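S.K.: Quick one: the structure is below, and I'll ask about it shortly.
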Amino acid sequence: TDTHPCDFSHETPMQAIIKNLGNENMPAGDLDITLIYGDDSQSVTMNTPEVPVLGYDTLYFDLDISEFGRHTLHYELLVDGDEDTGNSKGSINFYGVRKDLSGPGLYFKQDFESIFALREIGWTIHNENQDGRYWGLRLNDPGLAHSGSNYIVYFMGSQSGPADDWAISGCYTLEGERKYKAAFYNQLGSGSHNLRIAAGTQPLADHLEEVVWEETGMTDSQYEGYHPVGGVFEAWETGTYYFGIHQFSPMGSGSSIADDFIVIAQPDILPLDVDDLDTGDTVTIEALGSDSLQWFADEDLTEHLGDGTTLEYTISGHGYIDIYAAENVFGIMGPADVITLQVSVGIDEAVVPGEIKIYPNPARDQIRILLDDRPSRDLTVTIKNILGDVVKRETFASGNEMIINLSSLPGGSYFVIVSGKEHRWTARFIKQP
């Protein structure tokens, strides 16, 4: 029917039109249909009515075309007395192009392999300035591909001005208020390049209004070979989204290659059912995610703690300890979730007397944080509410006294964590309304 490939589902509406091209009435018969997807198959057999000369009849049925990729439909019409069955059987391909990432830690890597045209995966090319340069699919070129042998390339050609060319993805189902990483591997040709990734709810250039990542003035000397590019955005509601790779380089720039386009959903760390934690305790932390989940001890995701959806963690610090989890897909790190462990010694007693002072406490407009023995390196001050949510974060390069403006915070109880490369202090303060 007229169903768009992005709307294919477990019950995709189909229709078969049976035409009688002979010179006598076509007797009643059977229409056998088999849909093949990988190792799976579906079969439908329908009775067909008698069809008059040059007449036709339409049969309606549903098929499951919900999986991503090529589905091959084989059909055969069986009627008594048909002496030429060649025009009564055949096959046709349908392409499921929707990727459902509406859950924690789900991801999809579009590698452009096993296809002969971008339409097979729902991608479209948009040459907005109508010149001789555009994105296109390159086949069977493993020497230049990041993986496999296919990739998309921004072709060189006649150019009347700056580039304005899009390669827009197929459709993704994303979950509202969940963070997603969109990224790909890029290789630059000569000249200066401007590239961006944008997201939107329609596969049109002027509807991809959410800029996920953008960089201008990139050169092949700055980025040698393939390098990952991308950014994080939050889906504003559950529904259908598209991503676009936008080439808007100045006139005269060389070609550019994009391969292995990856979208990664943020995982969910499950709350602990343990209330009192002490130094030396071992806790099991679980997350809802995929097989590429990794755990880290820092926000920059550099201090690796373990792999998998479960982490056995032995507490070695005090106060408030943050543990992060993110999906690492093909070298691309997705958005992280965080859980804060509250060690019992850390609420009112985490501060060793003489090391950190907070005043005034209670405070109204600002607090001053004073360290008696400040390290020489940068320090990060993080403020969390009683639920463990980060409400403010600032970095200080020098000085023993740090001033934090509280005017944007509602009244209540807060925790302040001062952390450096090798030091960490924790304290509690009250913000007056």
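S.K.: Here is a check on your reading of the model: is Ala182 surrounded by 15 or more Cβ atoms within 10 Å (Cβ to Cβ), over 19 Å from Asp164 (Cα atoms) and touching a strand residue (DSSP E or B) at 6+ places or on another chain (Cβ under 6 Å)?
M.R.: So Ala182 fits the description; yes.
S.K.: Which members of the stretch 405-418 meet the condition of being crowded, with 19+ Cβ neighbours inside 10 Å and part of a strand (DSSP E or B)? Quick ask: steps written out before the conclusion?
M.R.: If we filter the stretch 405-418 for residues that are crowded, with 19+ Cβ neighbours inside 10 Å, which is where we start, we get 406, 414-418.
The answer is Tyr414, Phe415, Val416, Ile417, Val418.
S.K.: Does the stretch 100-108 contain at least one residue that is farther than 30 Å from Gly136 by Cβ, within 34 Å of the chain's Cα centre (by Cα) and without any contact (Cβ under 8 Å) to a residue 60 or more places away in the chain?
M.R.: Checked against the condition, which is being farther than 30 Å from Gly136 by Cβ, within 34 Å of the chain's Cα centre (by Cα) and without any contact (Cβ under 8 Å) to a residue 60 or more places away in the chain, the stretch 100-108 yields no hits at all.
S.K.: Let me ask you something else. So if I check each of Val153, Val211, which one is among the aliphatic types (A, V, I, L, M), closer than 21 Å to Phe330 by Cβ and not in a loop (DSSP other than H, G, I, E, B)?
M.R.: Val153
S.K.: Being surrounded by 16 or more Cβ atoms within 10 Å (Cβ to Cβ), under 23 Å from the mean Cα position of the chain (by Cα) and among the β-branched types (Val, Ile, Thr) is the filter here; which residues of the stretch 265-303 pass it?
M.R.: The one that is surrounded by 16 or more Cβ atoms within 10 Å (Cβ to Cβ), under 23 Å from the mean Cα position of the chain (by Cα) and among the β-branched types (Val, Ile, Thr): Ile269.
S.K.: Also: Got at least one residue in the stretch 115-122 being among the aromatic types (Phe, Trp, Tyr), buried (at least 20 other Cβ atoms within 10 Å of the Cβ) and either modelled with pLDDT of 90 or more or assigned to a loop (DSSP other than H, G, I, E, B) (or both)?
M.R.: To start, the set of residues in the stretch 115-122 that are among the aromatic types (Phe, Trp, Tyr) comprises 116.
Then keep just the ones that are buried (at least 20 other Cβ atoms within 10 Å of the Cβ); that gives none.
No: the stretch 115-122 contains no residue that is among the aromatic types (Phe, Trp, Tyr), buried (at least 20 other Cβ atoms within 10 Å of the Cβ) and either modelled with pLDDT of 90 or more or assigned to a loop (DSSP other than H, G, I, E, B) (or both).
S.K.: Continuing with this model, one more query. What about Leu54, is it surrounded by 18 or more Cβ atoms within 10 Å (Cβ to Cβ) and out of contact with any Pro (no Cβ under 8 Å at 6 or more places or on another chain)? Spell out the reasoning first.
M.R.: On the way: surrounded by 18 or more Cβ atoms within 10 Å (Cβ to Cβ): no; out of contact with any Pro (no Cβ under 8 Å at 6 or more places or on another chain): yes.
When the stated conditions are applied, Leu54 does not pass them.
S.K.: A follow-up question, please. Within the stretch 73-83, identify whether any single residue is touching a Pro at 6+ places or on another chain (Cβ under 8 Å), farther than 26 Å from Glu120 by Cα and without any contact (Cβ under 8 Å) to a residue 40 or more places away in the chain, and answer yes or no.
M.R.: Taking every residue of the stretch 73-83 in turn, none turns out to be touching a Pro at 6+ places or on another chain (Cβ under 8 Å), farther than 26 Å from Glu120 by Cα and without any contact (Cβ under 8 Å) to a residue 40 or more places away in the chain.
S.K.: What are the pairs with Cβ atoms under 7 angstrom where one residue, in the stretch 20-49, is hydrophobic (A, V, I, L, M, F, W, C) and the other, located anywhere, is exposed (fewer than 15 other Cβ atoms within 10 Å of the Cβ) and in a loop (DSSP other than H, G, I, E, B)? Sequence gap at least six, or different chains.
M.R.: Sorted first by the residue in the stretch 20-49, then by its partner, the pairs are Met26/Glu50; Ala28/Pro49; Ala28/Glu50.
S.K.: Hey, can you tell me all the residues within the stretch 211-254 that are surrounded by fewer than 17 Cβ atoms within 10 Å (Cβ to Cβ), without any contact (Cβ under 8 Å) to a residue 40 or more places away in the chain and within 17 Å of the chain's Cα centre (by Cα)?
M.R.: The answer is Val211, Glu214.
S.K.: From Leu208, Leu174, Leu195, which residue is touching a residue at least 40 places away in the same chain (Cβ under 8 Å), more than 24 Å from Tyr95 (Cα to Cα) and surrounded by 20 or more Cβ atoms within 10 Å (Cβ to Cβ)?
M.R.: Leu195
S.K.: Hey, can you tell me all the residues within the stretch 15-39 that are within 15 Å of Phe94 (Cα to Cα) and loosely packed, with under 12 Cβ neighbours inside 10 Å?
M.R.: Gln15, Gly38, listed by residue number.
S.K.: Do you know which residues across the stretch 226-250 are modelled with pLDDT under 95, touching a Ser or Thr at 6+ places or on another chain (Cβ under 8 Å) and assigned to a loop (DSSP other than H, G, I, E, B)?
M.R.: Across the stretch 226-250, the qualifying residues are Ser249, Pro250.
The values are calculated or read from the model by the stated rules, or taken from the named source; none is laboratory data. Model, not experiment: these values are computed from the prediction. Please note: Cβ atoms are built from the backbone with ideal geometry, for glycine as well, and neighbour counts cover all protein chains shown.
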